[in-house]
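Presented below is the structure to which this report refers.
Bear in mind these aren't lab numbers, they're just calculated from the coordinates by the rules spelled out. Model, not experiment: these values are computed from the prediction. All Cβ positions, glycine included, derive from the backbone under ideal geometry; neighbour counts span all protein chains shown.
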Amino acid sequence: MKSLKLTAVAAALVIAQQAAPALAADGPTLKTVKERGQLICGVHQGRYGFAVADSKGKWVGLDVDFCRAVAAAVLGDSEKVKYIPLGSVQRFPALQSGEVDMLSRTTTVTLTRDVALGFNFGPPTFYTGTGFMVRKDIKVTKVDQLDGASVCVFPGSTTEKNISGLFKSKGMKFTPVVIENSKELVGAYMSGRCDVLAMDQAGLPGHQRYDAKNPDDHVILDGVFSKEPLAVGVR
């Protein structure tokens, strides 16, 4: 466990070294961060292992660690970070408008986001892909059995596009239940409003373990149905 933590710290420092120059490429952003004495970092509203506020209100997780590492590189203090939880639709306007200086929010690097939106992404911080969690009582064991299912998914996410393509390729139909707020999306699935919870597979085990009344009542289907290189983004 200790070696794993050291590896994570080393990785965060490498990302910080590459993200800090990206901030410098936009002089006003770096100047603003230094004058303010604080890095404003956009993070997920609640993704176990990546960004979540603990019982004391302190943000923890892999994405949070990258924010801290960049603050240490730019300001000399890893604690000089303000975390702004953002929904899947909110995140890009927040970065474009300057509401946040940096986006460290389980964001997949795509050509559109890199070029059309004018963002600069660092190297991938994590690799994942689209995954599905279902309740055992619907007796589904593989994706091919999801024809006609209702699927809870974040709007404006690569997952939303991925499942549309996946179901179409298999000649299946589904009903999307689109909710931007993370807690509300997971709550909708747990309450039975939808049959399936779809998101980056890396996020599913945390919701199964911590948000389900009985984790054993749910199963994460085998397979990863896309390739999602996640990275830190800056203007």
**Prompt:** With the Cα gyration tensor of segment 139-235 giving a ≥ b ≥ c as the square roots of its eigenvalues, does the rule (a/c under 1.5 for rounded; else a/b larger than b/c for prolate; else oblate) give rounded, prolate or oblate?
**Reply:** rounded
**Span from the segment 35-109 Cα centroid across to the segment 175-229 one, whole angstrom** = 23 Å
**Fill in**
GNM on the chain, Cα springs under 10 Å; top mean-square fluctuation among Leu197, Leu39, Leu30 goes to Leu30
**Cα principal axis extents for segment 151-195, largest first, Å** = 30, 21, 10
**Complete:** The orientation-averaged projected area of the Cα convex hull of the chain, in nm², is 13.0 nm²
**Request:** Would you pull out the residues with amide H under 5 Å of Val177's amide H, same chain only if 5 or more places away, H placed 1.01 Å from N?
**Result:** Val151, Cys152, Val153
**Prompt:** Kirkwood Rh over Cα pairs of segment 17-136 into Stokes-Einstein at 10 °C, 1.306 mPa s: D in µm²/s?
**Reply:** 106 µm²/s
**Request:** Would you look at the GNM of the chain, springs on alpha carbons closer than 10 Å, and say which of Leu204, Leu75, Leu62 moves the most?
**Result:** Leu75
**Message:** From Cα pairs below 8 angstrom and at least 6 apart in sequence, can you work out the relative contact order of the chain, rounded to a whole percent?
**Reply:** 26 percent
**Request:** Could you rank the peptides 107-116, 80-89, 64-73 by their average count of other C-beta atoms within 10 Å per residue, with the highest value first?
**Result:** 64-73, 80-89, 107-116
**Item:** Over 20 Å [Cα-Cα, segment 89-180], rounded percent
**Value:** 47 percent
**Message:** Past 18 Å, Cα to Cα: identify those pairs from Lys161/Lys213; Lys58/Lys82; Lys142/Lys183; Lys139/Lys183; Lys173/Lys227, in the order given.
**Reply:** Lys161/Lys213; Lys142/Lys183; Lys139/Lys183; Lys173/Lys227
**Message:** With +1 assigned to the C-beta of every Lys and Arg and -1 to the C-beta of every Asp and Glu, and no other charges, what is the dipole magnitude of segment 129-227 about the Cα centre in debye, to the nearest 20?
**Reply:** 160 debye
**Prompt:** What does segment 123-167 give for Rg and for Dmax, in Å, if only its C-alpha atoms count?
**Reply:** 12.4, 41
**Asked** In Å, what Rg and Dmax follow from the Cα atoms of segment 185-235?
**Response** 13.1, 43
**Request:** Considering the options Ser88, Gly49, Gly203, tell which one lies farthest towards the positive end of the dipole of the chain, charges being +1 on Lys and Arg and -1 on Asp and Glu at the Cβ, about the Cα centre.
**Result:** Gly49
